[in-house]
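Peer 1: This is the structure, below, for whatever I ask next.
The values are calculated or read from the model by the stated rules, or taken from the named source; none is laboratory data. The model shown is predicted, which means the values in this text are computed figures rather than measured ones. With ideal geometry, Cβ positions are generated from the backbone for all residues, glycine too; neighbour counts draw on all protein chains shown. Only protein heavy atoms, including side chains, enter the accessible area calculation; ligands, DNA and RNA are left aside. Shrake-Rupley method; radii C 1.70, N 1.55, O 1.52, S 1.80 Å.
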Amino acid sequence: MNKKHLVVLSGAGVSADSGLETFRDSEGLWAKYRIEDVCTPEALEKNPGLVLKFYNERRRQLLGVVPNEGHFAIAELENYFDVDIITQNIDDLHERAGSSRVLHLHGELLKCRSMKDPSFIGVAKGDINIGDTCPMGGQLRPHVVFFGEDVPEMERAEEIIHTADILVIVGTSLAVYPAAGLVRYVPGSTDIYVVDPSEITLSGADVTYIRERSVTGMPKLLKLLIRTI
């Protein structure tokens, strides 16, 4: 029997349960900086040292945390479904939990790219500093999509979600575009599940809501979905 195609659209709430701050947190890394100063192309051009410092701090924090039960429940879905994950998160916690197909809409914190050579993408397990360059001599920057930049993986994400038999939206309030607009590409016959404590409501769709954080809600949804097979 062919497995149903299940697509997970995940957001910052999944990783927050591992201790990673989101930019909406009142405390933590984002509270020390304005988004305009560290997460825009203009900021990178004006003060690259500050931008690199901010992402170096985030990278160090990421290397000190581990996946949580939400990540593991998502990974276990692969035992029962053909799973694609489309994540707004730039961490590698889905992969560390065991998920095999993860599309990062907003880039990856543990990678870098060149400000001179668009084709260069490298590994960044440690700090990126001024003077660190690609083979062509271009300054390295985080492999992260800043506010105001194009999201190069959007077309691929639209293709993936357009073939979903089941859509799981977890850890996101669908407030960040263009990622939030992906739900428009879901076929009308798709079963939709939302795992998030916010009062998000999808209009015009038959949706099952689990108003909990990912760390408790995803294990519950895993059991529910297994019963539907």
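Peer 1: Heavy-atom accessible area per residue, the chain, 1.4 Å probe: how many Å²? Don't skip to the answer; put the middle values down first.
Peer 2: Values: 11190 Å² over 229 residues.
Value returned for the chain: 49 Å² of accessible area per residue.
Peer 1: Counting Lys and Arg as +1 and Asp and Glu as -1, each charge on the Cβ, what is the dipole of the range 123-203 about the Cα centre in debye, to the nearest 20? Display every interim value, and only then the final one.
Peer 2: Working: 4 positive and 12 negative charges, 34 e Å.
The dipole of the range 123-203 has a size of about 160 debye.
Peer 1: Can I ask one more? DSSP loop GluC sites (Glu not before Pro) in the range 1-107 with at most 13 other Cβ atoms within 10 Å of their Cβ, which ones?
Peer 2: Within the range 1-107, the qualifying GluC sites (Glu not before Pro) (loop, at most 13 other Cβ atoms within 10 Å) are Glu27.
Peer 1: For helix 48-62, report the angle its Cα long axis makes with the longest principal axis of the Cα atoms of the chain; keep it between 0 and 90° and round to the nearest 10°.
Peer 2: Orientation of helix 48-62: about 40 degrees from the principal axis.
Peer 1: Determine, at each q value in 0.13 (inverse angstroms), the log₁₀ of I(q)/I(0) that the Debye formula gives when each Cα of the range 1-113 is one equal point scatterer.
Peer 2: Ignoring solvent entirely, the Cα scatterers give -0.54.
Peer 1: Between Lys125 and Asp206, how high is the FRET efficiency from 1/(1 + (r/R0)^6) when r is the Cβ-Cβ distance and R₀ = 41 Å? Nearest 0.05.
Peer 2: Working: r = 44 Å, r/R0 = 1.07.
That gives a FRET efficiency of 0.40.
Peer 1: Magnitude of the Cβ-charge dipole of the chain, K/R +1 and D/E -1, about the Cα centre, nearest 20 debye? Intermediate results must be reported in sequence, preceding the final value.
Peer 2: On the way: 24 positive and 33 negative charges, 73 e Å.
With Lys and Arg at +1 and Asp and Glu at -1, about 360 debye.
Peer 1: Using 7 Å Cα-to-Cβ label points, what is the Arg96/Thr228 separation (nm, one decimal)?
Peer 2: Going by the 7 Å Cα→Cβ label model, 3.0 nm.
Peer 1: Just to check I understand the Karplus step: with θ = phi - 60° and J = 6.51 cos²θ - 1.76 cosθ + 1.60, what whole-Hz values come out for the range 156-167, glycine and proline as x?
Peer 2: Values per residue, Gly and Pro as x: 5, 4, 4, 5, 5, 6, 5, 10, 6, 7, 9, 10 Hz.
Peer 1: Of Ala75, Thr172, Val207, which is farthest towards the positive pole of the chain's charge dipole, taken about the Cα centre with +1 and -1 on the beta-carbons of Lys, Arg and Asp, Glu respectively?
Peer 2: Going by the charge dipole, the pick is Ala75.
Peer 1: Select from the range 40-137 those trypsin sites (Lys or Arg not before Pro) which occupy a DSSP coil region and have at most 16 other Cβ atoms within 10 Å, ordered by residue number.
Peer 2: Details: sites: Lys46, Lys53, Arg58, Arg59, Arg60, Arg96, Arg101, Lys111, Arg113, Lys116, Lys125; in loops: Arg101, Lys116, Lys125.
Sites meeting the loop and neighbour criteria: Arg101, Lys116, Lys125.
Peer 1: According to the square roots a ≥ b ≥ c of the eigenvalues of the Cα gyration tensor, what is the shape class of the range 172-229, taking rounded for a/c under 1.5, prolate for a/b larger than b/c otherwise, and oblate for the remainder? Mind showing how you got there, number by number?
Peer 2: Numbers: a/c = 2.10, a/b = 1.25, b/c = 1.68.
Cα axes put the range 172-229 in the oblate bin.
Peer 1: Moving on to the next point. What is the distance in Å between the Cα centroid of the range 211-229 and that of the range 59-117?
Peer 2: 19 Å
Peer 1: Find, among the GluC sites (Glu not before Pro) in the range 139-229, those assigned to loop by DSSP (not H, G, I, E, B) with at most 14 other beta-carbon atoms within 10 angstrom. Kindly include the intermediate steps, with their values, before the conclusion.
Peer 2: Working: sites: Glu149, Glu153, Glu155, Glu158, Glu159, Glu199, Glu212; in loops: Glu149, Glu153, Glu199, Glu212.
In loop regions of the range 139-229 (DSSP not H, G, I, E or B), the sparsely surrounded GluC sites (Glu not before Pro) are Glu149, Glu199.
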